[in-house]
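The values are calculated or read from the model by the stated rules, or taken from the named source; none is laboratory data. Everything numeric here is computed off the predicted structure, so don't read it as measured data. With ideal geometry, Cβ positions are generated from the backbone for all residues, glycine too; neighbour counts draw on all protein chains shown. Ligands, DNA and RNA are excluded from the accessible area calculation, which covers all protein heavy atoms including side chains. Shrake-Rupley method; radii C 1.70, N 1.55, O 1.52, S 1.80 Å.
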Amino acid sequence: MGSKLFGKSRFVLSLFLILSLALVVGCGSAAPEVVETEVIKEVPLEVEVEKQVIREVPVEVEREVVREVPVEVTVEKEIIKEIPSERVVERVVIPTPIPAQVMEARVASERLDKVAVAVGGISWDSNYTYKVNIGGFLDKWPVYEYLVGVDNATGGYTGELATEWSIAENGKDWTFKLREDIPWQDGYGNFSAEDVRHSMWLLVQPTAAPSGASTWRKIMGTSRGDDEATTLARAEEVVEIIDDHEVVIHLGIVLPEALFNLGKRRNMPIESKARWDAVGDEGMGEKMVGTGPLQFVERVEGSHVLYDAVDEHWRVVPDYHQLEFRAIAESQTRLASLLTEQVHLAVIERAIRDEVTSRGFEFVSGVFPGIQHHWTFYGNYHTEPETLDPTNPMLIKEVRQAMAKAVNREAIVEALLPGAKVQIPSFVKFTELDGQNWPGLINPEWSERWDAMYGYDPDAARELLAAAGYADGFEFTLALDSNSALPEIIDIGQALALDFENIGLKPTLANIEASKIRSQRRAREIHNTLAGSAGYSYTVYHLETLFCTCGSVHTFADPFIDQKIDELHVTVDATQRINIMREIGDFCYDNFCALPMFDVAPDIAVNPAYIESYVFPGFISGFYTHLEYIETVPQ
């Protein structure tokens, strides 16, 4: 069965499921080709007050070797020529591969006072970047910058604090040239190579507890439990400082895709070493300090996070003076906040989309269907037999398949996600975007065999349960927790419970926070539990973190997967790497390593009276990134 997009109703729910779900609802790109050129562009700036601004430059203006990303940008005039070193008259040297951006603030009276965003909750409500799960980065993106950014429209990599980069033939050594004259907030001097080394060290030093901790230890060549002196010594070896504005990073494993780990798609924001030296680990939790276009003001846990927009920035100056995230758990309260103009953007359940749009509000979707929704059969630690619970029915392949075939995905989409951009079938951690990054990654047979393997068929599900020795079903925990990008996830879990009961299973619904599940899975103490996830995908990273004993998530482990991950760590050739990843995909597809649901584009409701445009890629954790590029309506 090929991919399907569900916009209008194609499927009819059973009367029982319709009534049950009604109660639930009522209560509740491929990277561009890079060409090296030297470009200086003249950008005429429109200013309402007639004046000439002359910047005295006592040193000679440097010329950057840039990598151009083909993007449609309207340019009045393009001249390649020498600029006199003694002064520059309103000319902007465009750093690449960043497309041209507005780098000066609007006239103050035209900037919106505040842009407020209502989300279902702020996971890992903390100012630390190196002690939280990647799901806790929604409120970190506005403050911090990365070596490598992501273009909000194309999804391609683009220079941020690094101006250019290259990888050696060994697949391990990465050279980064760094942007100069980038000031730290709060007066901690300028960004330099020392900050790059410090930021990588933060992720493996003794107090660190980041997402992907095991991967970071492999990259850095450290071990769990290493003390501060050991990790510092290793950081000096891994991050070779050529000078203040050039580093060579020597990875501990072969990783041609390391821009993912070292860039804005993952959790290595650049932190200030000078700040660490001044305040230490404890002081780092008091606030967030970065180089970004928004500056942290305050956090009230469980309530809001507030930022001030800067008036000058090398990359972009926001169209507003302040940004605020408001954590509002109740859907109806988020809706009321949007309708009464207390917030300008809000994550709203798609089931009430018509109510929102009928009042003049609009929905903005991410460029890509970046949310992949699946459920995990916890307890499948097959590489560590001593940790298995032999009474866990989910250890049996036929049981996992029965549960996968019990789910009426199309009916759930029709009832709970009307109008959303949804894709079924879904292959856990193998998306269409991943297929663009690694051509040939997706096995076409997965779609062809979908109906037989995973398609909705409650009769076949009952037969599989009987064959596995569970004709009368069994009890298990169905864990529920909120998700800021997929607010319907709890309702989806309740709908799943109905489908499971339909084939004789006995789910117990339990509200379990993600942080608790995280600690239990790392200790291999969670068994016979089905828990939901709504996150982005990047195959080469997630195969290791989710499905390898060496990973940190432990959703499903098997000796075959471990063997293939070991091969991946020493393989440089791109085709061979794709084949290895596809072999893991074949294994997980055939063995039901997870219960796939669908891929969906994140979307957010906006008030068009205040928000003119918001473009975000939709595949970065936290999903609602690039808020600094929002275009507002002058008031």
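Region 528-584 and region 335-361 have Cα centres spaced 39 Å apart. With the simple spin-label model, which puts each label point 7 Å out from Cα in the Cβ direction, the Ile241 to Thr340 separation comes to 5.3 nm. The residues of region 464-524 present an accessible area of 41 Å² per residue when probed at 1.4 Å with all protein chains retained. Sorting 553-566, 233-246 by average packing, meaning the other beta carbons within 10 Å per residue, from highest down gives 553-566, 233-246. Hull volume per residue, based on the alpha-carbon atoms of region 353-410 and their convex hull, is 160 Å³.
Normalised per residue, the accessible area of region 173-221 is 29 Å², obtained with a 1.4 Å probe and no contribution from ligands, DNA or RNA.
Would you mind checking Lys172/Lys429; Lys131/Lys264; Lys131/Lys516; Lys131/Lys287 for any pair whose Cα atoms are more than 19 angstrom apart? Over 19 Å Cα-Cα: Lys172/Lys429. Overall, the accessible surface of region 499-565 at a probe of 1.4 angstrom is composed of carbon and sulfur to the extent of 47 percent. Placing a label point 7 Å from the Cα of Leu232 along the Cα-to-Cβ direction, the residues of region 270-301 with a backbone N closer than 20 Å are 271-285. Taking 7 Å steps out from each Cα toward its Cβ at Thr508 and Asn190 produces label points 6.2 nm apart.
On full extension, the segment bounded by Gln563 and Ile253 gains 110.1 nm, given 0.36 nm per residue less the C-alpha separation. Computed packing ranks the peptides 274-280, 146-152, 391-397, 604-610 as 146-152, 604-610, 391-397, 274-280, most packed first, by mean other Cβ atoms within 10 Å. Each Cα pair under 8 Å and six or more residues apart adds its sequence gap; the mean of these over the residue count of region 511-635 is a relative contact order of 16 percent.
With Rh defined as the Kirkwood radius, the inverse of the mean 1/r over Cα pairs, the Rg/Rh of region 162-244 is 0.99.
Please compute, over every Cα-Cα pair in region 498-635, the percentage with a separation greater than 26 angstrom. Beyond 26 Å sits 45 percent of the P(r) for region 498-635. Simple rule: put +1 on each Lys or Arg Cβ and -1 on each Asp or Glu Cβ in region 195-351, find the dipole, and look at Ala235, Val196, Gly263; the Cα lying farthest toward the positive end is Gly263. Global size of region 212-318: 16.6, 44 Å for Rg and Dmax (C-alpha atoms, Rg to one decimal, Dmax whole). Here the Karplus curve 6.51 cos²θ - 1.76 cosθ + 1.60, taken at θ = phi - 60°, turns the phi angles of region 496-511 into couplings of 4, 4, 5, 5, 5, 5, 5, 9, x, 7, 10, x, 10, 7, 9, 7 Hz, with x standing for Gly and Pro. In this simple spin-label approximation, Gln332 and Glu298 carry label points 7 Å from Cα along the Cα→Cβ vector, and these lie 3.0 nm apart. For region 134-188, the relative contact order comes to 22 percent (Cα pairs under 8 Å, sequence separation of at least 6).
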